[in-house]
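Participant: Structure below; questions to follow.
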Amino acid sequence: MPAFRVNVVSDVHGNAADLARAKDGADALVCLGDLVLFLDYADHSRGIFPDLFGARNATRLVELRTARRFEEAREFGRRLWAGVDRGPAIESAVRKQYAQLFAAFPTPTYATYGNVDIPALWPEYAGPGTTVLDGQRAEIGGRVFGFVGGGLRTPMRTPYEISDEEYAAKIEAVGEVDVLCTHIPPDVPELLYDTVARRFERGSRALLDAIHRTRPRYALFGHVHQPLVRRMRVGATECVNVGHFAGSGRPWALEW
């Protein structure tokens, strides 16, 4: 019997060109969110923020955030945004990116939101070949996949951050699955530390508890762009950071 293959990506951050090829050689594509590129920490000239305020200001914002000077970063941002109608400006830029990115999704694609995404806009752009799931399950190639989107609340205040309780409820709703797909990692220090940003991102304790309790074969996630550890076992489960797709352009493949 021929193998079934799913290619998995996360943290697309505007990389529509590689996204269009991401399903090559596979039967389906799974996307774990963060389609929007607000600010590229590797190239400060790319993203919504530098488009509005220039690369020099983007560099300054990155410096403040990397130094964990979040209140200074917010004040710096407030000064820049003072003369701009923020909501419409961001929505217009996000819509432009979503139009390109959703058009690039191959068929079939199963997708959930990242913490920088705006879920309310997705129904306008997701075509019939793209299934959007959050706190829901789907059978793909005879295996059950569970999807939980978004991130937990942080000082960064990105668009789709939710409470620990709301996140835990979505994990509970998914239940027992073969493959548990989330944007953020479980709360394991080695999986949370970004070696370039030099900080721990937030992971989910509820997700970690569910991995111990329900023992999926795989737990797949992104969010941490340059993790200290990309892959490790937690009990019976293989936990895999599927990579920063914006930078690599390469999907992670799961075959059975």
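Participant: Scan the range 4-25 and report the pairs whose first residue is assigned to a strand (DSSP E or B) and whose second residue is open to solvent by 40 Å² or more (accessible area, probe 1.4 Å) and acidic (Asp, Glu), with Cβ atoms within less than 7 Å and a gap of 6+ or a chain change.
Facilitator: ARG5/ASP27; ARG5/GLU255; VAL6/ASP27
Participant: Looking at (1) open to solvent by 20 Å² or more (accessible area, probe 1.4 Å); (2) among the polar types (S, T, N, Q); (3) touching a Lys or Arg at 6+ places or on another chain (Cβ under 8 Å), which one does THR109 not meet, given that it meets all the others?
Facilitator: Going through (1) open to solvent by 20 Å² or more (accessible area, probe 1.4 Å); (2) among the polar types (S, T, N, Q); (3) touching a Lys or Arg at 6+ places or on another chain (Cβ under 8 Å) one by one, THR109 breaks only (1).
Participant: I'm told ARG46 meets every condition in (1) within 28 Å of ALA16 (Cβ to Cβ); (2) at pLDDT 95 or above except one. Can you identify the failing condition by its number?
Facilitator: Every condition holds for ARG46 apart from (2).
Yes or no, residue by residue, for (1) within 30 Å of LEU64 (Cα to Cα); (2) under 18 Å from the mean Cα position of the chain (by Cα):
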{"site": "ALA173", "(1), (2)": "no, no"}
{"site": "ARG202", "(1), (2)": "yes, yes"}
{"site": "LEU208", "(1), (2)": "no, yes"}
{"site": "ILE211", "(1), (2)": "no, no"}
{"site": "TYR218", "(1), (2)": "no, yes"}
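Participant: Which condition from (1) assigned to a strand (DSSP E or B); (2) crowded, with 23+ Cβ neighbours inside 10 Å is the one that TYR167 breaks?
Facilitator: (1)
Participant: Here is a follow-up. Evaluate the following for GLU71: is it open to solvent by less than 80 Å² (accessible area, probe 1.4 Å) and among the acidic types (Asp, Glu)?
Facilitator: Spelling it out, it is not the case that GLU71 is open to solvent by less than 80 Å² (accessible area, probe 1.4 Å) and among the acidic types (Asp, Glu).
Participant: Scan the range 185-213 and report the pairs whose first residue is within 20 Å of TYR113 (Cβ to Cβ) and whose second residue is outside any loop (DSSP other than H, G, I, E, B) and hydroxyl-bearing (Ser, Thr, Tyr), with Cβ atoms within less than 7 Å and a gap of 6+ or a chain change.
Facilitator: PRO186/SER204; ASP187/SER204; SER204/TYR167; ALA206/TYR167; LEU207/THR182
Participant: Looking only at residues in the range 19-56 that are open to solvent by 40 Å² or more (accessible area, probe 1.4 Å) and charged (D, E, K, R), which one is nearest to GLN226 (Cα to Cα)?
Facilitator: The residue in question is ASP43.
Participant: Only residues that are open to solvent by 30 Å² or more (accessible area, probe 1.4 Å) and hydrophobic (A, V, I, L, M, F, W, C): list them for the range 127-157, please.
Facilitator: VAL132, VAL144, MET156
Participant: Restricting attention to the range 84-100, and to residues there that are closer than 16 Å to PRO50 by Cβ and of a type outside the set (Gly, Ala, Ser), which single residue is least open to solvent (accessible area, probe 1.4 Å)?
Facilitator: VAL94
Participant: Filter the range 228-239 down to residues that are free of Cβ contacts under 8 Å to residues at least 40 places away in the same chain and out of contact with any helix residue (DSSP H, G or I) (no Cβ under 6 Å at 6 or more places or on another chain) and give me whichever is nearest to ASP40 (Cα to Cα).
Facilitator: My answer is ARG230.
Participant: Exactly one of these conditions fails for GLY142: (1) under 24 Å from LYS23 (Cα atoms); (2) under 23 Å from the mean Cα position of the chain (by Cα). Give me its number.
Facilitator: (2)
The values are calculated or read from the model by the stated rules, or taken from the named source; none is laboratory data. Bear in mind that the values here come from a model prediction, so they are computed numbers and not experimental data. Quick reminder, even Gly has a Cβ in these numbers, built from the backbone with ideal geometry, and neighbours come from all protein chains shown. When the accessible area is computed, the model is the full protein with side chains, heavy atoms only, and any ligands, DNA or RNA have been set aside. Shrake-Rupley method; radii C 1.70, N 1.55, O 1.52, S 1.80 Å.
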